[in-house]
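Q: Please see the structure below; I have some questions.
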């Protein structure tokens, strides 16, 4: 409300809040206010916006996890805002004439200040837009800004995904909330960032989101898959991404049966983004045609059809896929155990080079699932085991 009703008081408020605070609740309040001010662009005061961002960067080392979480949220808002404005600024620059761009920055500022003294309230929004253009010409229209300021914020968000809480309790722990905010911010930002910026963090993010995909919280799994989708959309064809694409392909196929519906939706989007980079046109077509985010999916039928293409186009990876899928036999989620059983059964059934497969442990795992407390898992195991009989030497 302050931003809209009394924007002239924002700078005074920020000046009061910038002082050092001893008590945690005070620091939490400051971080929350700063994060919200960034989301609302400080009412058009872009110089103050940058100062607030620097303040949030310094709060990433606060001993309070709540302060760190809010700081990460504010940085994600800032990075997304700056990237959006940079795209708009680039579009303006592409369409403008060279003659108009010869006006110096100092001249622009002087003109705006003279206008600001005489404008009425009706023209205040116009003046704010002029300030934004000038600010963008300094902060966002230069490669130096992108490589330094924005890169600094992205690095901070990536570091915030470092999950130090080893517990696997239900829900989202306090420490995990910090990583969750960072994941959500990165998921929204990655497709819009310069590729060179994304590539610097691709190996690290791919490792971390693989760990997040096995968390008990559906929100965390969803956010991790959102980052995977963003990476695939931005640098999916890069060597850094392709080195780990098959591991994430297998995990995503299993999580199509995730018990958290929003995670399933995000999983479909991630697979669609990865599809063009798998080296299999048939698999990509299936992803684009059948993985409708808002639609229902017959998982068993989809996996049955998909594995026919997997064993043909990715035959060198069959042993890896089977071994990786078998790790889900011990998952705490019954739907993932069921999905892994169906996936492995169909992979083995459609594989032609059975001599190269070592699935003896898998067959024992499927037999173990016949005693699973969940009836749907027992049913899936009963369906998968006969599929192994095509290769008698495996039993």
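The values are calculated or read from the model by the stated rules, or taken from the named source; none is laboratory data. Predicted model, so just to flag it, every value in this text is computed and none were measured. Reconstructed Cβ throughout: ideal geometry from the backbone, glycine too, with neighbour counts over all protein chains shown.
Q: Is it the case, given these coordinates, that residue 339 is in contact with a helix residue (DSSP H, G or I) (Cβ under 8 Å, 6 or more places away or on another chain) and at pLDDT 95 or above?
A: yes
Q: If you go through region 1-17 one residue at a time, how many are loosely packed, with under 15 Cβ neighbours inside 10 Å, modelled with pLDDT under 75 and within 17 Å of residue 47 (Cα to Cα)?
A: 2
Q: If I filter region 306-330 down to residues being surrounded by fewer than 16 Cβ atoms within 10 Å (Cβ to Cβ) and closer than 26 Å to residue 262 by Cβ, which single residue comes out as nearest to the chain's Cα centre (by Cα)?
A: Checked region 306-330; the qualifying residue nearest to the chain's Cα centre (by Cα) is 327.
Q: Starting from residues that are without any contact (Cβ under 8 Å) to a residue 12 or more places away in the chain and assigned to a helix (DSSP H, G or I), keep the ones in region 282-301 and report whichever is nearest to residue 247 (Cα to Cα).
A: 284
Q: Hey, another quick one. Would it be correct to say that residue 381 is under 22 Å from residue 225 (Cα atoms), outside the structural domain of residue 247 (by TED's automatic domain parsing) and crowded, with 22+ Cβ neighbours inside 10 Å? Steps first, answer last, please.
A: Details: under 22 Å from residue 225 (Cα atoms): no; outside the structural domain of residue 247 (by TED's automatic domain parsing): yes; crowded, with 22+ Cβ neighbours inside 10 Å: yes.
Criteria not met by residue 381.
Q: A follow-up question, please. Considering only region 272-287, I want to know if a residue exists there that is in contact with a helix residue (DSSP H, G or I) (Cβ under 9 Å, 6 or more places away or on another chain), farther than 24 Å from residue 230 by Cβ, crowded, with 21+ Cβ neighbours inside 10 Å and at pLDDT 95 or above.
A: Taking region 272-287 and keeping what is in contact with a helix residue (DSSP H, G or I) (Cβ under 9 Å, 6 or more places away or on another chain), we get 272-287.
Subsequent filtering for residues that are farther than 24 Å from residue 230 by Cβ retains 282.
Now restrict to residues that are crowded, with 21+ Cβ neighbours inside 10 Å: none.
Within region 272-287 (the criterion being in contact with a helix residue (DSSP H, G or I) (Cβ under 9 Å, 6 or more places away or on another chain), farther than 24 Å from residue 230 by Cβ, crowded, with 21+ Cβ neighbours inside 10 Å and at pLDDT 95 or above), the answer is no, since none of the residues qualifies.
Q: Let me ask another. Looking at region 181-198 only, could you name the residues that are surrounded by fewer than 24 Cβ atoms within 10 Å (Cβ to Cβ) and assigned to a helix (DSSP H, G or I)? Working first, answer last.
A: The initial filter retains those residues of region 181-198 that are surrounded by fewer than 24 Cβ atoms within 10 Å (Cβ to Cβ), namely 184, 187-188, 191-197.
If the condition is that a residue be surrounded by fewer than 24 Cβ atoms within 10 Å (Cβ to Cβ) and assigned to a helix (DSSP H, G or I), then 184, 187, 188, 191, 192, 195, 196, 197 are the ones that fit.
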